[in-house]
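Student: Sharing a structure, written as structure tokens. Questions coming.
The values are calculated or read from the model by the stated rules, or taken from the named source; none is laboratory data. If you're wondering where the values come from, they're calculated on a predicted model, not measured in any experiment. Please note: Cβ atoms are built from the backbone with ideal geometry, for glycine as well, and neighbour counts cover all protein chains shown. Only protein heavy atoms, including side chains, enter the accessible area calculation; ligands, DNA and RNA are left aside. Shrake-Rupley method; radii C 1.70, N 1.55, O 1.52, S 1.80 Å.
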Amino acid sequence: MNVSVPASAPTTAETLRSALGGLLDGLPPKQATAAVERLISNYRGTIPTDTPVLRDRSDVAAYAAYRMPATFEAVRSALDGLAGAAPRWAPASHVDVGGGTGAATWAVDATWDGPRTTAVLDWAEPALALGKELAGRSSSAVLRGAEWRRAVIGTGIALPDADLVTVSYVLGELTEPARRAVVAEAARAGQAVVLVEPGTPEGYLRVREAREQLIEAGLNVAAPCPHDGTCPIEVGQDWCHFSARVSRSSLHRQVKGGSLAYEDEKFSYVAATRFPVTPVPSRITRRPQIRKGLVQLELCGPLEQGLTRATVTKRHGGLYKAARNADWGDAWPPAGTGDPQDPQDA
């Protein structure tokens with residue numbers, strides 16, 4: 001997404017990469033690779049569990065080095081969606097549920113300025129210890145002052161009230177009763193709730209179910225959806241997800257055998273609030289297709305409109321230039337460029 005963030009955001013990302021540097025020093029490469037491969041299977045949501053996924057220091061180090069940058073970028077993109085729908089709002093308190101080593105906490109720090117109290121809750125003490133260590137290397141007083149607290153993430157969870165509750169890459173680790181309990185408690189405790197899952201069909205279904213649960217609890221959908229109605233996607237035919245660009249570490253290249261300096265993290269998310277928001281008119285749901293003299297955009301629009309395709313040509317002037325610069329996940333149309341209903345191919 002291309003929603004603007006504070007100038008500090010690139011510095012936060014760079015600081016995180018720097019803090020992660022050398023984390024695997026002394027850990028045999030084969031051990032790091034084995035830990036990453038096991039964690040990937042959990043990340044993809046194939047092994048629901050009632051126990052922590054991160055078991056020891058080697059697990060946590062491998063997770064942080066391999067997954068933390070991607071989680072940070074995905075959560076930051078989701079938070080951009082919330083910030084775009086509530087541009088004059090900023091959280092003064094934040095609870096990160098199942099926060100592990102704190103990627104979502106770093107993402108919140110990259111999105112909003114100002115003082116903030118932060119609590120990171122997780123059931124894996126090694127993850128909390130490493131998260132606190134990494135935060136201590138940050139120049140941010142908010143990150144350095146965060147509270148890292150052990151908590152069972154599941155049925156019976158009790159959260160402190162907060163302006164913002166984040167739950168990222170957690171629901172797929174839980175059984176269905178535990179998922180519903182965590183979402184219900186996040187809805188009760190948070191003025192704003194942001195849920196992020198892998199951008200797989202299964203991850204989307206978890207987000208879709210959580211979205212319905214948040215709406216039933218009285219929250220307003222802020223992003224990515226333009227409305228609070230039923231998702232127009234036919235289950236089994238497609239799924240809603242987005243993409244964030246991530247700089248690849250040496251461990252990424254080692255495990256995946258790739259040579260590119262980046263990869264694209266696919267994720268699904270929902271952001272919902274108890275205060276008024278202004279959702280986008282429509283959201284671009286696929287990478288724009290640029291052809292000679294035209295751009296095709298796949299859109300999710302207002303409730304009565306649903307899923308549509310817009311074909312924007314040179315005759316549309318400024319709207320055409322905006323379409324050529326648009327990206328997957330962006331609002332459409334950009335402010336001041338034209339009517340979203342013109343042009344449309346239903």
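Student: Would you confirm, using the coordinates I've provided, whether residue 129 is in contact with a strand residue (DSSP E or B) (Cβ under 9 Å, 6 or more places away or on another chain) and open to solvent by 40 Å² or more (accessible area, probe 1.4 Å)?
Tutor: Answer is yes for this residue.
So that you can scan it fast, the table gives a plain yes or no per residue for (1) more than 13 Å from the chain's Cα centre (by Cα); (2) in a helix (DSSP H, G or I):
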| position | (1), (2) |
| --- | --- |
| 167 | no, no |
| 172 | yes, yes |
| 183 | yes, yes |
| 186 | yes, yes |
| 191 | yes, no |
| 197 | no, no |
| 210 | yes, yes |
| 214 | yes, yes |
| 218 | yes, no |
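Student: For residue 205, only one of the following conditions fails: (1) surrounded by fewer than 22 Cβ atoms within 10 Å (Cβ to Cβ); (2) over 24 Å from residue 328 (Cα atoms); (3) touching a strand residue (DSSP E or B) at 6+ places or on another chain (Cβ under 9 Å); (4) of a type outside the set (Lys, Arg). What is its number?
Tutor: Looking at each condition in turn, residue 205 falls short on (2).
Student: Okay, moving on. Collect the residues in segment 289-346 that are on the phi > 0 side of the Ramachandran plot and modelled with pLDDT of 90 or more, keeping them in residue-number order.
Tutor: Result: 293, 306, 329.
Student: I've got another one for you. Checking residue 136 against (1) surrounded by fewer than 24 Cβ atoms within 10 Å (Cβ to Cβ); (2) touching a Lys or Arg at 6+ places or on another chain (Cβ under 8 Å); (3) within 30 Å of residue 276 (Cβ to Cβ): exactly one of these is not met. Which one?
Tutor: The failed condition is (3).
Student: List, please: which pairs have Cβ atoms under 7 Å, are six or more places apart or on different chains, and start with a residue in segment 174-202 that is open to solvent by less than 10 Å² (accessible area, probe 1.4 Å) and end with one that is in a helix (DSSP H, G or I) and among the hydroxyl-bearing types (Ser, Thr, Tyr)?
Tutor: Going by the 7 Å Cβ cut-off, the qualifying pairs are 198/43.
Student: Is it the case that some residue within segment 160-169 is in contact (Cβ under 8 Å) with a residue 24 or more places away in the chain, open to solvent by 10 Å² or more (accessible area, probe 1.4 Å) and on the phi > 0 side of the Ramachandran plot?
Tutor: Yes, the conditions are met somewhere in segment 160-169.
Student: Could you please let me know if residue 177 is farther than 22 Å from residue 103 by Cα and either of a type in the set (A, V, I, L, M) or assigned to a loop (DSSP other than H, G, I, E, B) (or both)?
Tutor: no
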